[in-house]
1. Does Tyr30 fit the bill of being over 30 Å from Leu148 (Cβ atoms), of a type outside the set (Gly, Ala, Ser) and out of contact with any Asp or Glu (no Cβ under 7 Å at 6 or more places or on another chain)?
2. Out of all the residues in the range 106-126, which are without any contact (Cβ under 8 Å) to a residue 12 or more places away in the chain and aliphatic (A, V, I, L, M)?
3. Under 6 Å by Cβ, and 6 or more places apart or on different chains, what pairs join a residue from the range 50-71 that is closer than 15 Å to Asn138 by Cα with one that is assigned to a helix (DSSP H, G or I) and hydroxyl-bearing (Ser, Thr, Tyr)?
4. Quickly run through the range 153-169 and pick out the residues that are open to solvent by 60 Å² or more (accessible area, probe 1.4 Å) and either within 15 Å of the chain's Cα centre (by Cα) or under 15 Å from Leu61 (Cβ atoms) (or both).
5. Assess whether Ala142 counts as being of a type in the set (A, V, I, L, M), within 18 Å of Ser160 (Cβ to Cβ), surrounded by fewer than 16 Cβ atoms within 10 Å (Cβ to Cβ) and touching a helix residue (DSSP H, G or I) at 6+ places or on another chain (Cβ under 8 Å).
6. Looking at the range 127-140, which of the residues that are without any contact (Cβ under 8 Å) to a residue 12 or more places away in the chain and in a helix (DSSP H, G or I) is nearest to Thr75 (Cα to Cα)?
7. Please state which one of Gln144, Gln188, Gln169, Gln153 is closer than 18 Å to Thr47 by Cα, of a type in the set (S, T, N, Q) and assigned to a helix (DSSP H, G or I).
8. Can you pull out the residues in the range 1-29 that are under 30 Å from Glu181 (Cβ atoms) and either β-branched (Val, Ile, Thr) or open to solvent by less than 80 Å² (accessible area, probe 1.4 Å) (or both)?
Amino acid sequence: MNNLKISARLTILVAVVSALLLLVGGVGLYGMGQTHASFESVYLDRTEPLGHLYHVERLLLTNRVHLNNTILVNTAENNRAKTEEIRQNVGLIGQYWDKFSSTRLTPAETALAQEFQNARQRYLSEFLQPALAALQANDMAAVQQLLLQKAPQVYPPMHSSLLKLTELQISEARNEFGYSERTFAWVQNLSIA
């Protein structure tokens with residue numbers, strides 16, 4: 001090294017410093033890419049599906065309120081309006097459920113989604129469709145009987161699986177956040193070292 005001219009020494013020094021800067025910059029870009037991927041996953045795979053599940057739950061509850069309302073306000077006009085709203089809500093629930101189902105599901109989510117789907121089919125066939133038919137026939141005694149006897153049997157399993165799906169979304173988002181924190185700490189430590 002003592003035999004090298006000052007210009008050669010400076011060239012080597014600039015080359016080493018430039019290589020270190022490129023390495024630190026590369027590590028930073030890698031970390032930013034990992035953070036972006038993590039945020040994208042949390043948004044697309046957790047936040048949006050959580051919103052879809054929220055809408056499903058809200059519309060399910062709205063339908064129950066509408067059915068109860070027909071018992072309290074038993075007029076032909078009210079019953080027609082509530083029947084139409086319930087039918088529209090069933091369609092919207094299907095749309096939100098399809099959006100949820102089209103996301104990347106973990107094996108646990110797939111199992112819970114199937115559990116919800118089975119419980120929802122039972123809810124529709126054993127409770128909601130008969131209730132709508134009774135409402136259309138203005139058989140309020142049958143509507144009330146379904147609300148009191150059948151709804152308590154078929155709604156809780158559906159609601160329970162929906163809550164489990166919601167909790168799983170939050171848990172998976174928490175896991176993704178933990179991964180992002182570990183990646184950040186690794187990149188930070190590597191940059192400092």
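1. Answer is yes for this residue.
2. Within the range 106-126, Ala111 is the sole residue that qualifies.
3. Listed by first residue and then by second, the contacts come to nothing, as the list is empty.
4. Passing the criteria: Pro156, Leu163, Lys164, Glu167.
5. Working: of a type in the set (A, V, I, L, M): yes; within 18 Å of Ser160 (Cβ to Cβ): no; surrounded by fewer than 16 Cβ atoms within 10 Å (Cβ to Cβ): yes; touching a helix residue (DSSP H, G or I) at 6+ places or on another chain (Cβ under 8 Å): yes.
It is false that Ala142 is of a type in the set (A, V, I, L, M), within 18 Å of Ser160 (Cβ to Cβ), surrounded by fewer than 16 Cβ atoms within 10 Å (Cβ to Cβ) and touching a helix residue (DSSP H, G or I) at 6+ places or on another chain (Cβ under 8 Å).
6. Looking at residues that are without any contact (Cβ under 8 Å) to a residue 12 or more places away in the chain and in a helix (DSSP H, G or I), I get Ala133.
7. Going through Gln144, Gln188, Gln169, Gln153 in turn, just one is closer than 18 Å to Thr47 by Cα, of a type in the set (S, T, N, Q) and assigned to a helix (DSSP H, G or I): Gln169.
8. Narrowing the range 1-29 to residues under 30 Å from Glu181 (Cβ atoms): 19-29.
Of everything in the range 1-29, those that are under 30 Å from Glu181 (Cβ atoms) and either β-branched (Val, Ile, Thr) or open to solvent by less than 80 Å² (accessible area, probe 1.4 Å) (or both) turn out to be Ala19, Val24, Gly25, Gly26, Val27, Gly28.
The values are calculated or read from the model by the stated rules, or taken from the named source; none is laboratory data. What you see is a predicted model, and the numbers here were worked out from it, not measured in a lab. Positions of Cβ are generated from backbone atoms using ideal geometry, with glycine treated the same way; all protein chains shown enter the neighbour counts. The area values use the complete protein model at the heavy-atom level, side chains included, leaving out ligands, DNA and RNA. Shrake-Rupley method; radii C 1.70, N 1.55, O 1.52, S 1.80 Å.
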